[in-house]
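Input: a single structure, listed below in structure tokens.
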Amino acid sequence: MKNNASSPTTTNIKSIYKSSNMLSIDLAGIHLRNPLLLASGFLGISQEIFNRLYNDGLGAIVSKSISVSPLDGYKGPTVVSLGDKGYLNAVGLANPGSDVFAHEIMNNQIPLIVSIVGSSQSDFPKLISKFDKLNILGYEINLSCPHVAKMGMEVGDDPDLVTKIIKTIKSRTKKPVIIKVGIGNTDILKLATIIQESGADAITAINTIRAMIINVETGMPILSNKVGGLSGIPLKPIGVRCVYEISKKVDIPVIGCGGIFTWEDAIEYVLAGATAIELGSVIGYTGLKAFNQIKLGITKYLQKKDCKSIKEIVGLAHKY
């Protein structure tokens, strides 16, 4: 596992908060104290955990993807560790459903973005009606889960359906709408253009990528669903490339996601054009201390480069 940042001391942690203006960002009309977000799918259905993650230093939380009705997901095994590199998972979008989750976050007081997923255009108005009156920042729309039929990549690969879903959601909420894209059959740059033209406020790139692993002794795929989504370090160069190309193509903000384990990884995404980044797999390897380690590294980098704000380096790589 890569880990070039040393554990921050108490003094260093205090310096992070003193430099809060340096790390603060504006994302689709949302002001955040720093650009680090929890990626959807990690620790994402408990208000108590949301509160702890925010208190441990994140700028905002993205919930697990929530559907109208509860989903049990797939039978185990659903997650395989790839040594020190990441995970392969096919959880199947398991979640308690919109009624239960709306009740869970009814007293939310921290910056929370709700990820929602549906199998048809008609699901999304129902989801918005459940959450829009609650204290949330906005929505991340999961149109790119690589291992669930009719609720993920199949939706994202249909440009007409993407347009209809975005316009349906935007007509029912004034909160920011972020679309999470992945690597599917549709050209991701063409899809990004459609997303912007349809009225979305930001894009998250990228989701996990379809992959599988086979036990060489039994000859059987290890995941019960056979195919899952790859996350972790192997995803980073692909994610950086997608953020770089998408941010050159559209004018709306891009959130970078995939394989961010160190502050260098985070900076690379920002240089590529990411306004914010989402962290996921790193939590399983480094724990919650990863947040302050990454923030400290970013802060020291900005100071070394004589930058007053992280906003100064967003998309800097486009100049070359």
Listed residues P35, P111, P234; largest mean-square fluctuation, Gaussian network over the chain with Cα springs below 10 Å, found at P234
Decide, for region 197-307, between rounded, prolate and oblate: order the square roots of the alpha carbon gyration tensor eigenvalues as a ≥ b ≥ c, take rounded if a/c falls under 1.5, and otherwise choose prolate if a/b is larger than b/c, else oblate. oblate
Taking the simple approach of a point 7 Å from Cα along Cα-to-Cβ for both R241 and M212, what is their distance in nm? 2.3
Name the most mobile residue of I209, I49, I188, meaning the one with the largest mean-square fluctuation, in a Gaussian network model of the chain with Cα contacts below 10 Å. I49
Ignoring everything except DSSP H segments at least 4 long, calculate the 222 nm mean residue ellipticity for the chain; use -39,500 (n - 2.57) per segment, divide by total residues, nearest 500. -10000 deg cm²/dmol
Within the set S98, S231, S120, GNM on the chain using Cα springs under 10 Å gives the largest fluctuation to S120
Provide the gained length on full extension for the span D99 to I49, in nm with one decimal, where the gain is 0.36 nm per separating residue minus the Cα-Cα distance. 16.1 nm
Between K75 and S119, with labels modelled 7 Å along Cα→Cβ, what's the label distance in nm to one decimal, could you check? 2.0
Among the complete DSSP H segments of the chain, which ones combine at least 15 Å of alpha-carbon extent along their axis with a mean Kyte-Doolittle hydropathy of -1.0 or more? 159-170, 236-249, 289-304
Residues D72, D26, D123, sorted so that the one with the fewest Cβ neighbours within 10 Å comes first: D72, D26, D123
Pop a pseudo-label 7 angstrom from the Cα along the beta-carbon direction at both N21 and D132 and give the gap in nm to one decimal. 3.7
Assign unit charges at the C-beta atoms only (+1 for Lys and Arg, -1 for Asp and Glu), then state the dipole size of the chain relative to its Cα centre in Debye, rounded to the nearest 20. 640
Grab the Cα-Cα distance for K319 and S224, subtract it from 0.36 nm times how many residues apart they are, and report the gain in nm with one decimal. 29.6 nm
The answer for the per residue Cα convex hull volume of region 22-87, in Å³, is 142
From the Cα gyration tensor of region 254-320, with a ≥ b ≥ c the square roots of its eigenvalues, which class applies: rounded if a/c is under 1.5, or else prolate if a/b is larger than b/c, or else oblate? oblate
How big is the dipole moment of region 212-286 about its Cα centre under a simple scheme where the beta carbon of each Lys and Arg is +1, that of each Asp and Glu is -1, and everything else is neutral? Debye, nearest 20, please. 200
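All of the numbers you see were taken from the coordinates with simple rules; none came from a lab. As the structure is a computational prediction, the values presented were derived from the model and not from experiment. Reconstructed Cβ throughout: ideal geometry from the backbone, glycine too, with neighbour counts over all protein chains shown.
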